[in-house]
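Engineer: A single structure is presented below for examination.
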Amino acid sequence: MSAQLQPNLSLRPMHIGDLEAIMQIEPTIYSHPWTRGNFSDSLNSGYSAWILEDKDEMIGYALMMMVMDEAHLLNLSIAKHRQKQGLGRYLLEHMMTIAKRHKAANMFLEVRTSNISAIALYENMGFCEMAVRRGYYPAKEGREDAVLMGLAL
């Protein structure tokens, strides 16, 4: 089912009061989740931060840093029980629209090499692999590489 066909979806700016719900989702989808401090620092820095809701349930969130004419997607997450429904694409499309409104020429992101479904989504949305950042992410045993991806907006 396409996310666009779900009439109860809404997007709104993230607020500090959302962190409790975010901290319930984050550790269920990542082996090394962001901390509450990572989120609050991002909000305090004025990053573009959005919540995806279905009725009153938070089902996803995304944060993006704007630097000059570049957008850097820092986190795009969908609650585990709502993945594989087109919601990641829906949220990514929103973040791309926000980046364009801020006159970004390019969008960049890093993704774990093991996150095959996210890489497939980004490639399907037109992102291209630019480089591999060796040992970028913490992992259960040592470090994991990240794929640096970019998209001309």
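Since every read-out is calculated from the coordinates, none of them should be taken as a lab result. The structure displayed is predicted, hence computed values, not measured ones. Every residue, glycine among them, receives a Cβ derived from its backbone with ideal geometry; neighbour counts consider all protein chains shown.
Engineer: Kindly state, to the nearest 0.05, the FRET efficiency for residue 141 paired with residue 41, given R0 = 25 Å and r defined as their beta-carbon distance. The partial results should precede the final answer.
Structural biologist: Numbers: r = 28 Å, r/R0 = 1.11.
Approximately 0.35, to the nearest 0.05.
Engineer: Let me check I have the definition right: for the chain, take the eigenvalues of the Cα gyration tensor, multiply each by 5, take square roots. What are those semi-axes in whole Å, largest first?
Structural biologist: Working: eigenvalues 92, 71, 57 Å².
Semi-axes (√(5λ), whole Å): 21, 19, 17.
Engineer: Also: Taking neighbour counts of Cβ atoms within 10 Å as a proxy for exposure, in what order, fewest first, do 63, 11 appear? Intermediate values should be presented prior to the final figure.
Structural biologist: Details: 63 22, 11 17.
Result, fewest neighbours first: 11, 63.
Engineer: Report D for the range 62-113 in µm² per second (integer): Stokes-Einstein, Kirkwood Rh on Cα pairs, 4 °C, 1.567 mPa s.
Structural biologist: Values: Rh = 11.6 Å.
My calculation gives 112 µm²/s for D.
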